[in-house]
Structure formats: C-alpha cells, structure tokens
Amino acid sequence: MACVLEAPLRMSVLSEVTASSRHYVDRLFDLDPQKVLQGVIDMKNAVIGNNKQKANLIVLGAVPRLLYLLQQESSSTELRTECAVVLGSLAMGTENNVKSLLDCHIIPALLQGLLSPDLKFIEACLRCLRTVFISPVTPEDLLYTDATVISHLMALLSRSRYTQEYICQIFSHCCKGPDHQTILFNHGAVQNIAHLLVSSSYKVRMQALKCFSVLAFENPQVSMTLVNVSVDGELLPQIFVKMLQRDKPIEMQLTSAKCLTSMCRAGAIRTDDSCIVLKTLPCLVRMCSKERLLEERVEGAETLAYLIETDVELQRIASITDHLIVMLADYFKYPSSVSAITDIKRLDHDLKHAHELRQAAFKLYASLGANDEDIRKKIIETENMMDRIVNGLSESSIKVRLAAVRCLHSLSRSVQQLRTSFQDHAVWKPLMKVLQNAPNEILIVASSTLCNLLLEFSPSKEPILESGAIELLCSLTQSENLALRVNGIWALMNMAFQAEQKIKSDILRGLSTEQLFQLLSDSDVNVLMKTLGLLRNLLSTRPHIDHIMSTHGKQIMQAVTLILEGEHNIEVKEQTLCILANIADGTTAKELIMTNDDILQKIKYYMSHSNAKLQLAAMFCISNLIWNEEEGSQERQDKLRDMGIVDILHKLSQSSDPNLCDKAKTALQQYLA
C-alpha cells in the first residue's frame, strides 16, 4: 500500500511548490498597474539566491510576461526597471535559466531598452545584459548582429560608472577573436575606454583593463595603437606598469601583465624593454608561487609561457627567476592527499583545477625549454619530469595531452636528451599511441616530435620503425591539413637518412608513385622541399641508388623533369639538381641520365645559369657522370664533349666564384687523365 501512496505524495509536493510560485506570476496580469509593480518587487525579493524559485517562475511562464511589461511604452519607468532587475536575477541562476531567457529573445528586448532616456532603466538593462552575456551558453555574436548596437554602447560609456563597468564587462566577454576585436577597435574602443583606467571606481578600472587585455591579445593593430595612447599625460604602458605593483590587487596585477605581454608579443614593446624584463616577467613568475590561488597560478603560468615563447633571452631570465623550474613541479601535486582527508570542498576545488595546473605547467616548461640546452637539462632533471610527461600523454583531458606533447616536442630538440632520458623512458611508445586517432591540433605537435625522434642519432628510431611508423606517416602525407602533410614527409625524410635499403623500399611502397607525384606537385613549397629531401635521402649510397632507380627510375626522372621545367624557386631547383647528382653517382642509374637528352640539355642550361648555386649543383651532376675510374666513362665524356659541356667547363674555370672555379678545374682534369 505504501508504494501506491508514493506517487500522489510527490505530486502534491510539486503542486504545492508551483502553487506557491503561481501567485507571483498571476499578479503580473493584474489590471491595476500599482499591483503589477508590487508583484514584480515581491517576485524580485523571492528569487534572490533561490534557484528553485527561479526555475519554478520560468516554468510558469514569468519570462514572456516580464519582457512584455519591460517593452510596453505604457509601463512606468519604475516597473520596466524592476522587470529588468528580476530578469537579471533569473539569469544569475543555472545555465538552463539563461537558455530559457535566450529562447524568449531577451537580448533584443534589453538592447531596445537601452534607447530609453532614463539612466536607472538603462543601468538595469545593462546589468541584465552583462549577466546574460557572461554565461557560457550565450553566443557572443548576438552582440554584433546589429551594427548600431556597438556605437550606442560606446556612447553610453559616458553616462555613469555603472554603464562603464557593465559595458566594459560585456565587451571583454564578447570579444572572441580578430573579427570582434576589429569591430570594437573600429568603433573607437581604445579611445573610449582608455580614460576609464584612471577612474575613481576600482570596478571600472578593472573592467577597462580586462577589455584591453582581450582587445590586444594576438592583435598587432590594437597593440601598436595602445603603446602611443596617453591618459592625463601618461602613456598606457606606464599606467599598466603601475597596475603591476605588488600593492595592487592580484587580479589587477595579472590582467595588466597580460596587456603588456600581448603588446610585447605583437612587437609594440621590445622584449628587452625594462617594463617587460624588470616588471612583467617577475610579476608573472610571482603568480606561479605556492602562495597564490590555484586559478591565479594557472593564469600566471599560461601568460608567462606566451610571453617567453619565442624569445631566448626571456626564457633564460625566467628560468633563473625565483627557482621557477622547481616551483612548477608543485603544479603536479594536486589534489593533495591532505586536503582529501580534511576538507571535501577543498578537494573538489583542487580536482577542478588539477587539469588546468598540469596543462599550464607543461605549457610553461615547453616555452622555457624551446631553445636552451641547459634549461632543458634542468627541466628533465626536475623530480619525475619524464614520468609526468609520459602520464600527461595519456590523460583524458585533450588540453593536458596537447600541452604534454608540446612539452615533449620542446625537449626533443635536445640531442643529449634524445640519446638519454627519451630512451630511458621509452617516450616513443606513448607518443605513437597519441598519434592514433588524435585530433589535428595534437597530431601536428606529436608528428613534429616524431620527426625529432627519427633523427639518425636517436636511439628511438629503430623501435619506432618496428611499430609501424611508415604506414602512419605515409597516411599523414595525404592529410588535407598542410602542417600534417609537412610533418609526415619530414619524418619520412629523417627516417630515410642513412637508412637500410629495406626501409627505403618500404617508404617508397608505402607512399606509392601516385602519392609521390601528388606531393611533388603540392602548392606548398615546404611540402615540395621536404619531398625532394626525402628523394635525396632515398637516393644515397650506390647500391641503394641503383636498386631504387631500377624499380622507380622512370617515375623519378619524370618528376625531376617536371620540377626543372616548372616555375619554382632557386632552392627547389637546387635540391632537384642535387637529386640528379645522386642519380649520376649510381653505377647503373647514371644511364637513365645519359640516355635522356632532355635532362642532359637541362643540366647544360643550369651550368650557364646566372645563379651560382644552380651552376654548382649542375656541375656535381657532370662530375659524377664523367668520373674516370668508372666503367663507360670514356663514352660519357665523349657524348658530353659533343654537347659543348667542355667549353662551358673552360669558361667556368675562369669564374670569380672560387667554388665554381675549383669544381670546373676538377672536372676538366677527368678529361685530361
């Protein structure tokens, strides 16, 4: 019997809850405007901090009615303002609440409200808009659908400190990427917001600062403008430096450091400027210390990683500031076992930030170790570092995996580490695993790392080959993504360097002639150069040259002809002539050149070219063809003499270029011997 009673009991509880909320909604439909106003005020008091009540009122249809009252010209300004306040309160609930508000087209209604002459109503609309826009479920583009909205918001900036605070907050949340930055910049964001940095209100100063940090991020146009703007006779970089000082709130220090970082990366401030070396960098290192909150440590490390990413000197300075390399090791110690016992809330917080901390530490280690061998050594010697990277490669979070691969890539530039730590920890195993079915952004960095692990002095090269790398890399060369095509062919080029004949044959089989031609006609010069590099490495050492040319000679000669006839730069043609020189070094392979008059004429043409590099490469071909000690050299010499090659050699032996002169004289000696 008890089971039968359970359902009605639940129903009655639910109907009681909605019934207690219904009278709030019913009062919105009263014919007496005063009662409607009182109803909205009572609703406002009922929903503050009460998510259950908010959800009930949304289900009962309060939102469309509130929006109707807000938009009615006949509604009093006080009523319209109170409606905006309640809607703002509803938006502060769950993400589902915000979705419901968006479905009722709250944004156009609030934007329309901004045209009112009443400041209190405008502020209430802006406050509600701010709350809606900072929710992750709100598409930022909704701010930019009507071109007049941004200019109207710029005009409202002067109305009050509240309009300044809310509008700056809306801009900083809705500025995602270069298109948004350009729109705001073209509407005078820099000029309109700059003076707010010296506002008497901390909240306004802070929101203006956040605005500049998103406007300047990866944007040279904004950064170059900011560096020359002054407020009350003081340039913006100087104002940002003042905001970096230790006595300022951490949030302000961090955000101004982000502004200066973006300006530095855009080239608006030099990397050796004292405001970067003595102010911004030390401030960001401070943010990485144990004393800071976890979220501050994440932001500090990520910003510092971006600041020093491309500058060797900043990397060196950071590496010796406040024991940063050791300090970062602490980022991997969350959640700590102590917090698990003493404080569940703390554990939850630690767990939430643990991924972000590891990601930030990997990113910063990657930047620190990008260039300097000593720094890489210090990073790798940090406690359990290689184990942490290996673990990071198999984490569930894509962001952590990507950061771990970036860190590994940075450290893989070290010859010493490739021979020692990388081998000791067999990092190639998890790396090969990462390369299976990873998203492109991870694939790009992982395949770059693999290129380094395949260099001839790397002990990992052998086991990587045995684990099916050729097939994987050949498939990368077919990718639509340019970076993956480059990395695939680059790794194969490294793999082919001084490799055994079997490996070379496997590469050619894996690539297929069709794919090789596809790569040689790729529109990207990088892909073309790496493919030629691969061919050059495949065609090295005589037995290999003869073997490969016996099976693929026709196609390779076709490819060479194609490139020498095409519109290519000097480097591409030089590399192609070097491939011919390698073919000419084969025992049987050289006949493929000697029986191809078209190719011989091309070599002759390049011997007289205006570019010395091409002349030299063509001369290598000739030298290899006429070398005396080899069978058939006399016939080859006679044929080339008949073509006028000897006359060109005589001319070149008088060249002012010492390399050309020496090479020509050496070749002529073959005729005299």
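The values are calculated or read from the model by the stated rules, or taken from the named source; none is laboratory data. Quantities reported herein were computed from a predicted structural model and do not represent experimental measurements. For neighbour counting, all protein chains shown are included, and Cβ atoms are generated from backbone atoms with ideal geometry for every residue, glycine included. The accessibility values were calculated without ligands, DNA or RNA, using every heavy atom of the protein model including side chains. Shrake-Rupley method; radii C 1.70, N 1.55, O 1.52, S 1.80 Å.
Computed quantities for the displayed model
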{"read-out": "Residue under evaluation residue 423, criteria (1) surrounded by fewer than 20 Cβ atoms within 10 Å (Cβ to Cβ); (2) outside any loop (DSSP other than H, G, I, E, B); (3) not assigned by the TED database to the domain that holds residue 461, criterion not met", "value": "(3)"}
{"read-out": "Qualifying residue in region 47-70 (condition: free of Cβ contacts under 8 Å to residues at least 24 places away in the same chain and within 18 Å of residue 126 (Cα to Cα))", "value": "yes"}
{"read-out": "Considering residues of region 183-199 that are in contact (Cβ under 8 Å) with a residue 24 or more places away in the chain and out of contact with any helix residue (DSSP H, G or I) (no Cβ under 8 Å at 6 or more places or on another chain) only, the residue nearest to residue 223 (Cα to Cα)", "value": "191"}
{"read-out": "Breaking point among (1) more than 34 Å from the chain's Cα centre (by Cα); (2) farther than 16 Å from residue 585 by Cα; (3) aliphatic (A, V, I, L, M), for residue 525", "value": "(1)"}
{"read-out": "Residue within region 412-419 that is in contact with a Phe, Trp or Tyr (Cβ under 7 Å, 6 or more places away or on another chain), farther than 22 Å from residue 301 by Cβ, of a type in the set (D, E, K, R) and open to solvent by 10 Å² or more (accessible area, probe 1.4 Å) present", "value": "yes"}
{"read-out": "Candidate set: region 612-646, residues that are of a type outside the set (D, E, K, R) and not in a helix (DSSP H, G or I); chosen: the one most open to solvent (accessible area, probe 1.4 Å)", "value": "627"}
{"read-out": "Hits in region 21-59 (condition: surrounded by fewer than 17 Cβ atoms within 10 Å (Cβ to Cβ), farther than 17 Å from residue 85 by Cα and within 52 Å of the chain's Cα centre (by Cα))", "value": "22, 52, 59"}
{"read-out": "Some residue of region 120-133 being open to solvent by 20 Å² or more (accessible area, probe 1.4 Å) and within 32 Å of the chain's Cα centre (by Cα)", "value": "yes"}
{"read-out": "Subset of region 235-280 (residues that are in contact with a Phe, Trp or Tyr (Cβ under 7 Å, 6 or more places away or on another chain) and either under 17 Å from residue 208 (Cα atoms) or aromatic (Phe, Trp, Tyr) (or both))", "value": "256, 259, 260, 261, 262"}
{"read-out": "Verdict on residue 562 being open to solvent by 50 Å² or more (accessible area, probe 1.4 Å), under 48 Å from the mean Cα position of the chain (by Cα), of a type outside the set (Val, Ile, Thr) and under 30 Å from residue 518 (Cβ atoms)", "value": "yes"}
{"read-out": "Hits in region 222-252 - residues which are in a loop (DSSP other than H, G, I, E, B), of a type in the set (A, V, I, L, M) and either open to solvent by 40 Å² or more (accessible area, probe 1.4 Å) or touching a His at 6+ places or on another chain (Cβ under 8 Å) (or both)", "value": "none"}
{"read-out": "Residue satisfying condition, being small (Gly, Ala, Ser), touching a residue at least 60 places away in the same chain (Cβ under 8 Å) and within 23 Å of residue 326 (Cα to Cα), within set 414, 421, 367", "value": "367"}
{"read-out": "Those helices (runs of 4 or more DSSP H) lying entirely in region 426-527 with at least 2 residues basic (Lys, Arg)", "value": "428-434, 501-511"}
{"read-out": "Residues (surrounded by 14 or more Cβ atoms within 10 Å (Cβ to Cβ) and out of contact with any Leu (no Cβ under 8 Å at 6 or more places or on another chain)) located in region 255-277", "value": "258, 262, 266, 273"}
{"read-out": "Search result, residues across region 379-406 that are open to solvent by 10 Å² or more (accessible area, probe 1.4 Å) and under 18 Å from residue 353 (Cβ atoms)", "value": "388, 391, 395, 396, 397, 398, 399, 401, 402"}
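Condition check ((1) without any contact (Cβ under 8 Å) to a residue 40 or more places away in the chain; (2) within 27 Å of residue 475 (Cβ to Cβ); (3) among the charged types (D, E, K, R); (4) open to solvent by 50 Å² or more (accessible area, probe 1.4 Å)) across all residues:
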residue	(1), (2), (3), (4)
508	no, yes, no, no
514	yes, yes, yes, yes
528	no, yes, no, no
542	no, no, yes, yes
549	no, yes, no, no
555	no, yes, no, yes
568	no, yes, no, yes
